[in-house]
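Peer 1: Here you go, one structure.
The values are calculated or read from the model by the stated rules, or taken from the named source; none is laboratory data. If you're wondering where the values come from, they're calculated on a predicted model, not measured in any experiment. Ideal geometry is used to build each Cβ from the backbone, glycine not excepted, and the neighbour counts take in all protein chains shown.
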Amino acid sequence: MNALKRIVVVGRDADGWITAFMLQKTIAAHKLDIELEFLELPSDVNDGDFFSVQPSHRLLHDMLGAKEQTLLRLSGGMYSFGQRYNNWFGNGSSYMQSFDRSGVDFNQVPFYHYWQKAANSGLKLPFEAFNVGAAAALAGRYVVFEQVGSTFSHASSGYQFEARAYIATIAKAAIAAGLKHRATGIHQVKQSDLGISALVLSDGSEVTADLFIDASGYEALLINQLASGAVESWASAFPVDRLIVASAPKLTPLPAFNQISAFKAGWVGIYPLLNKTTINIACSSKHGKTSDVLERVSASIGMKLFNPVETLFAANHRPNPWVKNCIALGSAATNLEPLDGTHLLSLHLGLSALRGLLPQYTDCAAEAAIFNRSMNKQMESVRDYLLARYKLNKRFGDAFWDAARAQTVPDTLAYRIDLFKSRGVIAQMEDDVFIPEDWLALFVGNQLSTSNLDALIDKIPDDELMSKFQQLLTYIKTEVEKMPLLQSYTEMTL
Amino acid sequence: MNKNTIRKVVIVGGGTAGWMTAAALSKVMGCQNYDITLVESDQIGTVGVGEATIPMIMFFNKVLEINEFEFVRETNATFKLGIEFVNWKNIGSSYFHPFGLMGVDMDGVTFSHFWQRWKNEGGNLDFSKFNIETEAALSCKFMKTDHERGPAILPPINYAYHFDAGLYAAYLKKYSEKRGVIRQEGKITQVKQNPTTGYIESVVLESGVEVKGDFFIDCSGFRGLLIEETLKAGYHDWSHWLPVNRAVAVPCESAGELLPYTRATAQEAGWQWRIPLQHRTGNGYVFCNNFISEDEATSKLMSRLDGAPRAEPRVLKFVTGARKKCWDKNCLAIGLASGFLEPLESTSIHLVQVTIAKLLTMFPRDGFNELLIKRFNDEMHWEYDDIKDFLIAHYKITEREDTEFWRYVKNMPIPDRLQEKLDTFRARGEMMVPLNELFKENSWFSVLAGQGFMPEAYHPVADSISDDELRLRLTKIRSGIQNRLNSMPKHADFIRDNCASAMMKHA
């Protein structure tokens, strides 16, 4: 067997730079005898583009050795301790989803059951009232606990970044770390039985490698050339085909959460950044003209929108992101709308998987099979998570939303919904990306419930339960009041 | 047995100082045991031109049991959180001297030491961001915190007032007369002294009426009718340190948002005040006529108003300094009769009130004790002297050299005691201000650091906590301030909701 000697990353922007930098770090850390080259394609990033990412994204930063605060400062970034979903069940409805759990289990029975019971008997407090992360987000706080190791909260934050600055910061760090790179274009992809044999660059020169990484984004320059690398459309499940990114002035006081508001023909996200606010509209061109949408959105959120840039979008996924000696990562592999901080998520998951499977030899069919299976499962679970929001919407009378609700969903999602409805239980599956508390918050927030509550809950008398609830609320209130405002925290640290 | 031989008190002059004295005496001493007469003449104008005060005015109003909102309404007052100093360091610079604390004192040393350490380690926020009064002022916000809901985790918001001094005097006149003070109209033409002791026995009015008294309070203004013109108490002239000697004042229409602070803008040969009231804005150019003529100063002032003038500008003359004896024989001077310090730190009314407080503390029962009088005069001297040093510092540490005036003040010799203070501050980041001085560490720090006179070191106690602990503490303080700021109403709204006068202009 031939040892793997040379990797070429063909990519652009975040996908390209992060992939190349991560591989560079891995090779250096393990002193691997592998030569790496990054062929940088022209940028696709538009003015105002942003990334909204999950708390798990900090693991990617750890892999890159990036310091959180420096990165946030240099890329105009901001923390978000939750996302508030408005109008998903008709205008005026709203719930806050944080990156934290709600309540504590009593007698090994999930808190949800106790809360549902109380709600059924008239308790008016939403599920997230028992959630430190949600309470902190609503109060505009940066989560820091008075006592180390809080008893039941593990509240954390996602981030938003300005795309261009974020990419530039990472590119600078990668170059400083010695990444070999050149800016070029791909003229031709030459193939052999092993997959890709060589790339002909725009200057006519040829580049060979044992492993080619396609991080070229939506264009998928390499993987698209390979027979079994075809893409599968997910557009029938996700009706959004336009993304419009615009800017608005900074919000004061600074919110500690993003807002995702459904409207007639899609949804609009409001993302506070360090120096401005980013507005992202995800909509369907079949349900309204862009100009009308912009006007309506601007009026409904009460903000004037600057520099809107529209791009086409289609949700898709590549069932075989690793074909022979070519691996597609990031947007070249999967594209999902950024409804739940899912920017760069496919990239992050792909890189994590690749790091564990980095082949030693040029024959890497075994690694490819494991990678593809895992990536499929993971991306399907992410797809199901986003799809659940569409499926469970209650915006009656809007064609866009009526169709989303009426659609048949994949069996995996149908099973999760049915299981929760029938027993109040969250299904856990192999390669789940979102954890049970995320699913629970999504389901409860989306007004899904079960009448079949756990029988054990009645062991706690009602008045005792109420006093436990009260204790939780008091604890949360006290803890949150001691936290600094996010506005102050970022001022002091970024 | 002691007997009260001092029964008849005569206050000469009915400006702010006169009526403040009358009000305090009638409230504290009462008119049952004392005859209190105030002699004033409608022919003599008062100097008060829209006054800015400092928080100590609260004590005075509290002693008088004045209803705060009624007082604000009656005097067209606004709230004042501090003073913005514009162009003092250099042209284009600005800083704020707030009332109240910066941050929170920790581990026995003031916040500024912790801030200095954090700043040295790369901290990016100005110290003023840790002061609620500054933050509120620059956002044009105001509220009182004595009824703030929830546990008192933050220090109260400290404030004073801007008010129409004429209306304040009128308000106190009503107050005093209700309590039995007799107002005697008339211009004094003669002061009668005991030929042997020199004690003042009476003042004779133009009408021929003679007003006799046991104790005379001279509130006659700059001239010092009794204390200087009659008793020749003498005057410490400080104009070589504080050379301004004229002020031209003019009110103008309100313009822009109602600011909860005084603005003091350094100009070519002095500085200009801007004092917002409910119904108008008070303006004045304090200058030195060795460097600019009265006419030129007046025209400069008129060209720098932000609203249409509401009256003819008028010029006041003064010499900065203090009476060598504020109390001599049976005559005690209060207000401008006792000395003059430019209103750069709004100390005029405060000095009136301090003098009144000392008068009440040392009020004689059966005759005039020389030791007591000496003690009084010493204390008054300290009051003036400390404030004088603070005022000089504003000029001395300027970086400006753009006019002869600024070159003069920047290079002039200063009192030794002030030099020691500045050296201490430079070396230690603190002044070690004696307890009895009016302007405390926070004030000195705000002004010196605000003007770029930064200390070279801070207290070692500030090194006793970890970097993370330091940042967390500072973040929490900053957070408390921002959180409170977010909940504060606009200054104009606060007044409109609580204490607007009929003349309030801000819609």
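Peer 1: Tell me, please, whether a residue that is among the polar types (S, T, N, Q), touching a helix residue (DSSP H, G or I) at 6+ places or on another chain (Cβ under 9 Å) and over 30 Å from A:S285 (Cβ atoms) can be found in the range A:392-413.
Peer 2: Scanning the range A:392-413 turns up no residue that is among the polar types (S, T, N, Q), touching a helix residue (DSSP H, G or I) at 6+ places or on another chain (Cβ under 9 Å) and over 30 Å from A:S285 (Cβ atoms).
Peer 1: Condition test on A:A129, is it away from chain B (no Cβ under 14 Å) and in contact with a strand residue (DSSP E or B) (Cβ under 8 Å, 6 or more places away or on another chain)?
Peer 2: no
Peer 1: In addition: Which of (1) touching a Phe, Trp or Tyr at 6+ places or on another chain (Cβ under 6 Å); (2) under 30 Å from A:K289 (Cα atoms); (3) of a type in the set (A, V, I, L, M) is the odd one out, the single condition A:A368 does not satisfy?
Peer 2: Here A:A368 meets the rest and fails (2).
Peer 1: Considering only residues that are among the aliphatic types (A, V, I, L, M) and either over 22 Å from the mean Cα position of the chain (by Cα) or in a loop (DSSP other than H, G, I, E, B) (or both), which ones fall in the range B:215-238?
Peer 2: Scanning the range B:215-238 gives B:L225, B:L226, B:I227, B:L231, B:A233.
Peer 1: From A:D463, A:D454, which residue is away from chain B (no Cβ under 14 Å), farther than 23 Å from A:E380 by Cα and free of Cβ contacts under 8 Å to residues at least 12 places away in the same chain?
Peer 2: On the way: A:D454 fails: free of Cβ contacts under 8 Å to residues at least 12 places away in the same chain.
Sole residue among the options that is away from chain B (no Cβ under 14 Å), farther than 23 Å from A:E380 by Cα and free of Cβ contacts under 8 Å to residues at least 12 places away in the same chain: A:D463.
Peer 1: Filter the range B:477-506 for residues that are in contact with a Cys (Cβ under 8 Å, 6 or more places away or on another chain) and of a type in the set (A, V, I, L, M) and give the result.
Peer 2: The answer is B:A492, and nothing else.
Peer 1: Might you let me know whether the range B:75-83 holds any residue that is hydroxyl-bearing (S, T, Y), within 14 Å of chain A (Cβ to nearest Cβ) and touching a helix residue (DSSP H, G or I) at 6+ places or on another chain (Cβ under 8 Å)?
Peer 2: So far as the range B:75-83 goes, no, none of its residues is hydroxyl-bearing (S, T, Y), within 14 Å of chain A (Cβ to nearest Cβ) and touching a helix residue (DSSP H, G or I) at 6+ places or on another chain (Cβ under 8 Å).
Peer 1: For the range A:62-147, give me every one of the helices (runs of 4 or more DSSP H) that falls completely inside it and has 2 or more residues that are out of contact with any helix residue (DSSP H, G or I) (no Cβ under 7 Å at 6 or more places or on another chain) and surrounded by fewer than 21 Cβ atoms within 10 Å (Cβ to Cβ).
Peer 2: The helices (runs of 4 or more DSSP H) meeting that bar are A:68-74, A:111-120.
Peer 1: So which of B:E177, B:E133, B:E201 is more than 14 Å from chain A (Cβ to nearest Cβ), at pLDDT 90 or above and under 27 Å from A:L494 (Cβ atoms)?
Peer 2: When all the criteria are applied, what remains is B:E133.
Peer 1: Among the listed residues B:G270, B:G256, B:G221, identify the single one that is surrounded by fewer than 20 Cβ atoms within 10 Å (Cβ to Cβ) and on the phi > 0 side of the Ramachandran plot.
Peer 2: Matching residue, one of B:G270, B:G256, B:G221: B:G256.
Peer 1: Output the number of the condition that A:E479 fails; it satisfies all remaining conditions of (1) within 14 Å of chain B (Cβ to nearest Cβ); (2) surrounded by fewer than 20 Cβ atoms within 10 Å (Cβ to Cβ); (3) closer than 24 Å to A:L123 by Cβ.
Peer 2: Here A:E479 clears every test but (2).
Peer 1: Check B:K410 against each of (1) exposed (fewer than 15 other Cβ atoms within 10 Å of the Cβ); (2) under 22 Å from the mean Cα position of the chain (by Cα) and name the one condition it does not meet.
Peer 2: Unmet for B:K410, out of (1) exposed (fewer than 15 other Cβ atoms within 10 Å of the Cβ); (2) under 22 Å from the mean Cα position of the chain (by Cα): (2).
Peer 1: Among B:E399, B:E437, which is among the acidic types (D, E), touching an Asp or Glu at 6+ places or on another chain (Cβ under 6 Å) and not in a helix (DSSP H, G or I)?
Peer 2: Details: B:E399 fails: touching an Asp or Glu at 6+ places or on another chain (Cβ under 6 Å).
That would be B:E437, the only listed residue that is among the acidic types (D, E), touching an Asp or Glu at 6+ places or on another chain (Cβ under 6 Å) and not in a helix (DSSP H, G or I).
Peer 1: Filter the helices (runs of 4 or more DSSP H) completely within the range A:344-413 down to those with at least 3 residues that are within 15 Å of A:F238 (Cα to Cα) and in contact (Cβ under 8 Å) with a residue 24 or more places away in the chain.
Peer 2: Answer list for the range A:344-413: A:365-391, A:399-406.
Peer 1: Is it the case that the range B:142-155 has a residue that's touching a strand residue (DSSP E or B) at 6+ places or on another chain (Cβ under 8 Å) and either away from every other protein chain (no Cβ under 14 Å) or over 24 Å from B:Q451 (Cβ atoms) (or both)? Give the derivation first.
Peer 2: Residues of the range B:142-155 that are touching a strand residue (DSSP E or B) at 6+ places or on another chain (Cβ under 8 Å), as a first pass: B:142.
Still in the list and also either away from every other protein chain (no Cβ under 14 Å) or over 24 Å from B:Q451 (Cβ atoms) (or both): B:142.
Yes, some residue in the range B:142-155 is touching a strand residue (DSSP E or B) at 6+ places or on another chain (Cβ under 8 Å) and either away from every other protein chain (no Cβ under 14 Å) or over 24 Å from B:Q451 (Cβ atoms) (or both).
Peer 1: Additional query: Among the candidates B:A502, B:A462, which residue alone is outside any loop (DSSP other than H, G, I, E, B) and away from chain A (no Cβ under 14 Å)?
Peer 2: Working: B:A502 fails: outside any loop (DSSP other than H, G, I, E, B).
After applying the criteria, what remains is B:A462.
Peer 1: Further, regarding this structure: Given (1) within 30 Å of A:M483 (Cβ to Cβ); (2) more than 14 Å from chain A (Cβ to nearest Cβ); (3) of a type outside the set (V, I, T), where does B:W406 come up short, assuming only one miss?
Peer 2: (1)
Peer 1: Taking the range A:135-153 as the region of interest, how many residues are without any contact (Cβ under 8 Å) to a residue 24 or more places away in the chain and aliphatic (A, V, I, L, M)?
Peer 2: 1
Peer 1: Going through the range B:355-381 one residue at a time, which ones are within 21 Å of B:H236 (Cβ to Cβ) and either loosely packed, with under 14 Cβ neighbours inside 10 Å or modelled with pLDDT under 95 (or both)?
Peer 2: Of everything in the range B:355-381, those that are within 21 Å of B:H236 (Cβ to Cβ) and either loosely packed, with under 14 Cβ neighbours inside 10 Å or modelled with pLDDT under 95 (or both) turn out to be B:E370, B:K374, B:D378.
Peer 1: Then there's this: Could you check B:R117 against (1) over 20 Å from A:S488 (Cα atoms); (2) outside any strand (DSSP E or B) and say which number it fails?
Peer 2: (1)
Peer 1: Does B:H491 fit the bill of being in contact with a Leu (Cβ under 7 Å, 6 or more places away or on another chain) and either more than 14 Å from chain A (Cβ to nearest Cβ) or acidic (D, E) (or both)?
Peer 2: In short, yes.
Peer 1: What is the one condition in (1) of a type in the set (S, T, N, Q); (2) touching a residue at least 24 places away in the same chain (Cβ under 8 Å); (3) surrounded by fewer than 19 Cβ atoms within 10 Å (Cβ to Cβ); (4) within 14 Å of chain A (Cβ to nearest Cβ) that B:N486 does not satisfy?
Peer 2: Only one criterion is unmet by B:N486, namely (2).
Peer 1: Can you find a residue in the range B:434-447 that is over 16 Å from B:D386 (Cα atoms) and either touching a Phe, Trp or Tyr at 6+ places or on another chain (Cβ under 6 Å) or of a type outside the set (A, V, I, L, M, F, W, C) (or both)?
Peer 2: Checked against the condition, which is being over 16 Å from B:D386 (Cα atoms) and either touching a Phe, Trp or Tyr at 6+ places or on another chain (Cβ under 6 Å) or of a type outside the set (A, V, I, L, M, F, W, C) (or both), the range B:434-447 yields at least one hit.
Peer 1: Next question. Would you say A:E37 is surrounded by fewer than 24 Cβ atoms within 10 Å (Cβ to Cβ) and within 27 Å of A:D340 (Cβ to Cβ)?
Peer 2: No, not satisfied.
Peer 1: Could you identify the single residue in B:L438, B:L448, B:L474 that is crowded, with 16+ Cβ neighbours inside 10 Å, within 12 Å of chain A (Cβ to nearest Cβ) and out of contact with any Cys (no Cβ under 9 Å at 6 or more places or on another chain)?
Peer 2: Result: B:L474 is the single residue among B:L438, B:L448, B:L474 that is crowded, with 16+ Cβ neighbours inside 10 Å, within 12 Å of chain A (Cβ to nearest Cβ) and out of contact with any Cys (no Cβ under 9 Å at 6 or more places or on another chain).
Peer 1: Same structure again: Kindly indicate whether any position in the range A:154-166 is within 14 Å of chain B (Cβ to nearest Cβ), within 14 Å of A:S80 (Cα to Cα) and either surrounded by fewer than 19 Cβ atoms within 10 Å (Cβ to Cβ) or without any contact (Cβ under 8 Å) to a residue 12 or more places away in the chain (or both).
Peer 2: no
Peer 1: Among the residues of the range A:241-249, is any within 18 Å of the chain's Cα centre (by Cα), within 14 Å of chain B (Cβ to nearest Cβ) and more than 30 Å from A:L194 (Cβ to Cβ)?
Peer 2: no
Peer 1: Does A:S449 meet the test of being small (G, A, S), within 14 Å of chain B (Cβ to nearest Cβ) and within 32 Å of the chain's Cα centre (by Cα)?
Peer 2: no
Peer 1: So is A:I301 without any contact (Cβ under 8 Å) to a residue 40 or more places away in the chain and crowded, with 17+ Cβ neighbours inside 10 Å or not?
Peer 2: Working: without any contact (Cβ under 8 Å) to a residue 40 or more places away in the chain: no; crowded, with 17+ Cβ neighbours inside 10 Å: yes.
Judged against the criteria, A:I301 is not a match.
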